[in-house]
Structures are given as structure tokens and as C-alpha cells.
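Student: One structure, pasted below without further comment.
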Amino acid sequence: MTRTPADSRRDGRIGRRELLALSGALGLTSLAGCLDQLPGSGPATVDGDALAAVVDDGAPEVAETLPVDIEASFVAEQREVAEAKLDSVPAPFDEAEIPNGVIRERMNGEYEAAGESISASSGTGTAHERLEHTTHARASAHEVQTAWRAIEGDATVDDLRESRSTVDADVDALTSRWEYVGDDPVRAAIVHAEIERAIRGARNWLSFRERDLEYAAEQPLRFGDVAADVERARTSVAVASYYFDQFRESLAREATLRERFAAARDALDERVRTRGESLPEEADDPTSLLDRDVGQTAGVIALDDILRNARWRTEDRGDEQETPSLAGAALDATGTLVYLRAFEALRERLEGGDDVAVDEVDDVAELRTDAIDAISAAREADRNRLVVDAVLPRFARELRWIDDQISRYEDDTRVDFAEREAAGYVVVAETCRAVPPVSADVASILRGDDA
């Protein structure tokens, strides 16, 4: 992707960067700053419609999975709960049922969202993804059901208090029987991290205050909001309990892994700390991150973005002794180490002479292809699949968001706008390339291979 003045002469064009370089060589320092203000000149542009067409082939699917057996019957059971809630209300609501237009629109919107999630839970995707759809459906359906019951006078704040108390007891019951057990520390860490996340989520959903309940007594929408939080907590506990039971039943042998996870957390935290110490400070001018002259290219913008992610992750690691977080700490460290490795790789690439620049639509297409190739290579890695599968989706899914932004362009589009969007593809490429080697290191530490 690196272009030289000779390249421009060969294709009969001279780009903005070549012109700026030429002005500097001639000592015309004012030309660079005034270039866009010259009569008949302006910011360089590309065909926005052609730019939007770059994403026409769609993005690769990277499925979210969990290494436990999720039975179709359990997914169906959660879906039936949501369907029963929707069947209990006369939705979609009309003006006679709910005269207030704001309330009616909100409740019909939640009714529609629940229906969409129910449909998605019956469609394609992994069992884990289908189950996630049912949990969304249950929350939305419960919000509609309880808000309607509040309007009808059939639900009270005391009902909400009782529901919260019941679910809170369910969380306590789960945590009292849940243990860090397993026969493979890597698989166990991924499953237990999901259980940890569910428990923390349930506690958070149940943390509303008494004044929230008092307000809910007078506002049907707020009543539905609070009730939905309780339902999210209830669903989180049910799913986490199911995961734990399914996982435990699958074990060939059962070993206690708390000490192994604690040792891995400490080792990974030390690695993150050590690697993070070599990071430069964030700069107002990202080009200063490099030891050579290069403009504000897509590569430089991406380098700055990766640096920011790496810095806040290394500086805000939270309470190392927080529980439950022993298993999740390994996956959190994996994400941080991915950003650290990606930063080092991209900076080396830029220092080596590759500007990673955008001058035309084909450059954007090339950067997108590079990102897709990196996703595919990570997805096809034949080692340490469990860790790769656990962390790759969060990095790969960013490509869809960038595609969505670029698909909106039309007519003449400024090159610098396109370059900023394309920087996202560079981030995706570099982070996804880092996933397999980092996953290998994390898996080794979890298993204690380096002990």
C-alpha cells in the first residue's frame, strides 16, 4: 500500500501527499497550510457510491460459542416463557387500551422487540447465540406484561419488592453451590467466566434503590423498567445454574481450580503490567508516536486508537481480588494483551515504511480485505481454539460496524473522512492477527505450562 512519487508519476497522477512533500522540498512552507484554500482547490474526494460498494460482499460470520452442551429443549423452554408473557397481554396496544401515546409507543416497541428476539432464537446461529436471544425476549416480554398489569392495577410495588427478594435468594443459592471445578483449566476458565458474568449481572440488575420503586408506583413505564431488571436477574441466574450443571456433568474428573485460576490471574496481571510499561503516553498528535515523518494516515489513526484501548485497559485493571472474577480475569487479560501486541505490530509496520494510507477507494477495499483475511486466519487457527473462540468475536464484530458506516456514503466524499473510517479496518486486522498467539500464551499460563 506504500506509494512513492515514482508510483504517482507512473500512473499519471500526483497525490496530495506528494504535493505536500514537494512543497516542503522547495521550502514553500505556507503552501501546505493553504493548499485547501487555493482557488479551484479543496479537500481531495473519492466517489462515495463506489466507497459504499466496497462492503457489498458482506462481513464474515464469527459465532459466539460456549464449551458446554446447551440442549435445544432448554432454549425452547426459555422461549416458551417469553411467548407466554406476550400472550398474556392484548398487544399490540391501540389508543383505546393505552390513550397516552408515549406509553403506548414504548410498550408496542418492546412488544415488537420481544417478538424479534423470539424469532431469532428459533433461527440460525449457535445454541449459545439462540439462548442469548431468548434471554432478551424474556426481559422485553416481562417489561410489557408488568407495565400492562400496572396500568390495569393488577401489579404493585410490593410485588416488585417480593420478586427482587426471591431472585436475590436465588443468586445466593447459586453462589453457595457453585465451585471452580473442572478437568481442563482452559475450558473451565471460559465456562466459569460466563457464570461469573451472570452472577455479577444479576447483582447489578437487583441493585435499584427504594426511590426507584416509589417512582415506579406512579409511572407504568418505570414500573416495567424495574420489573424487566428483576427478570434479567432471574434469567441470568437460571442460565448460569444451567451452565454449571451441564458443565459439571460433562467432567471426566473433577478437580478444584481456584488456586490455578488465582495463579494464572497473577501471572497474566504481571505480564500486562510489564508490557504496559513500554507503552508511550497518548499524544495530541498521533504522528509523534513514530520516529519517521508520516501524515495522519489510516495506519496512524489506527495506531492511536489501539494505544488508547491498550492504555485504559492496563491502567484500569480493577481490584485484583474482586470476586467472582478469578476465571474472567484470564479473558480480560487476553483482550488487553491483544491490544498490546497489536500496537507493537502496527507501530513496527509503520516504522518499516508502510504508511497504511488511503488515497482512493481501492485502498479502502484493500484494508477491508486485509481485515477479513485476519479474521479468517484467526477463525481457522487449529490450536488453542477455546480461547480464540472466546475472544475473537469481540474484535471481529467491529468490522460490521465499520461496514455500516461506510455503506452510508454517497456522492463526493472527502478522502480524509474515508481514511478515518478505514482506520477501523486496520484496528480489526491487527487485533485479530494478535488473537491466536495471545490465546496460545494465555492457554499455556492457565494450564501452568510455564510454572
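Student: For S250 and T175, calculate 0.36 nm times their separation in residues minus their Cα-Cα distance, and state this gained length in nm to one decimal.
Tutor: Computed gain between S250 and T175 is 25.0 nm.
Student: Counting only other residues whose beta carbon sits under 10 Å from that of A434, what net charge do I get with K and R as +1, D and E as -1?
Tutor: Neighbour charge sum, excluding A434 itself: 0.
Student: Compute the signed sum of charges (Lys and Arg +1, Asp and Glu -1) over the other residues within less than 11 Å, Cβ to Cβ, of S407.
Tutor: Spelling it out: positives minus negatives among the neighbours equals -4.
Student: Nearest 0.05, what FRET efficiency do A440 and A96 give at R0 = 41 Å with Cβ-Cβ as r?
Tutor: 0.05
Student: Modelling each spin label as a point 7 Å along the Cα-to-Cβ direction, I'd like the R161/D284 distance in nm, to one decimal.
Tutor: The modelled label-to-label distance comes out at 5.6 nm.
Student: Excluding T175 itself, calculate the net charge of residues whose Cβ lies under 13 Å from the Cβ of T175, where each Lys or Arg counts +1 and each Asp or Glu counts -1.
Tutor: Taking every Cβ under 13 Å from that of T175, the sum is -2.
Student: Could you report the chain's accessible area per residue, 1.4 Å probe, as an integer in Å²?
Tutor: I get 48 Å² per residue for this part.
Student: A follow-up question, please. At 222 nm, what helix-only mean residue ellipticity would the chain give, in deg cm²/dmol to the nearest 500, using -39500 (n - 2.57) for each DSSP H run of four or more?
Tutor: Values: 18 runs with 306 residues, N = 451.
Dividing the helical sum by the residues of the chain leaves -22500 deg cm²/dmol.
Student: Classify segment 190-300 as rounded, prolate or oblate from the Cα gyration tensor: take a ≥ b ≥ c as the square roots of its eigenvalues, call it rounded if a/c is under 1.5, otherwise prolate when a/b beats b/c and oblate if not.
Tutor: Oblate, because a/c is 1.5 or more while a/b does not exceed b/c.
Student: Taking a ≥ b ≥ c as the square roots of the eigenvalues of the Cα gyration tensor of segment 133-177, is the shape rounded (a/c under 1.5), prolate (a/b larger than b/c) or oblate?
Tutor: oblate
Student: Calculate how steeply helix 127-152 sits against the longest principal axis of the alpha-carbon atoms of the chain, using the helix alpha-carbon long axis, and give the answer as 0 to 90 degrees to the nearest 10.
Tutor: 60 degrees
Student: On to the next question. If I ignore ligands, DNA and RNA and count only protein heavy atoms, how much of S117 is accessible to a 1.4 Å probe, in Å² to the nearest 10?
Tutor: 20 Å²
Student: Apply 1/(1 + (r/R0)^6) to the Cβ-Cβ distance of E351 and R394, taking R0 = 35 Å, and write down the FRET efficiency to the nearest 0.05.
Tutor: Numbers: r = 28 Å, r/R0 = 0.79.
That pair, E351 with R394, gives E of 0.80.
Student: Answer rounded, prolate or oblate for segment 334-451, using the Cα gyration tensor with square roots of eigenvalues a ≥ b ≥ c: rounded when a/c is under 1.5, else prolate when a/b is larger than b/c, else oblate. Each step should come with its number before you reach the end.
Tutor: Working: a/c = 3.01, a/b = 1.99, b/c = 1.51.
Prolate.
Student: Where in segment 252-300 are there GluC sites (Glu not before Pro) that are in a DSSP coil and have at most 16 other Cβ atoms within 10 angstrom of their Cβ?
Tutor: Here the sparse-neighbourhood loop sites are E254, E277, E281, E282.
Student: Can you send over the carbon and sulfur percentage of the accessible area for the chain, probe radius 1.4 Å, protein chains only?
Tutor: 46 percent
Student: Select from A298, N384, A429 the residue farthest towards the positive end of the dipole of the chain; place +1 on Cβ of Lys and Arg, -1 on Cβ of Asp and Glu, and compute about the Cα centre.
Tutor: Positive-end residue among those listed: N384.
Student: Follow-up question, since we're still on this one. Check each of the trypsin sites (Lys or Arg not before Pro) in segment 159-263 and keep only those in coil by DSSP with at most 16 other C-beta atoms within 10 angstrom; list them in order.
Tutor: Counting only loop positions with at most 16 other Cβ atoms within 10 Å, the trypsin sites (Lys or Arg not before Pro) in segment 159-263 are R209, R253.
The values are calculated or read from the model by the stated rules, or taken from the named source; none is laboratory data. Computed from a predicted model, the values in this text were never measured in an experiment. Every residue, glycine as well, gets a Cβ built from its backbone with ideal geometry; the counts of neighbours run over all protein chains shown. Just the protein is used for accessible areas: all its heavy atoms, side chains included, with ligands, DNA and RNA removed. Shrake-Rupley method; radii C 1.70, N 1.55, O 1.52, S 1.80 Å.
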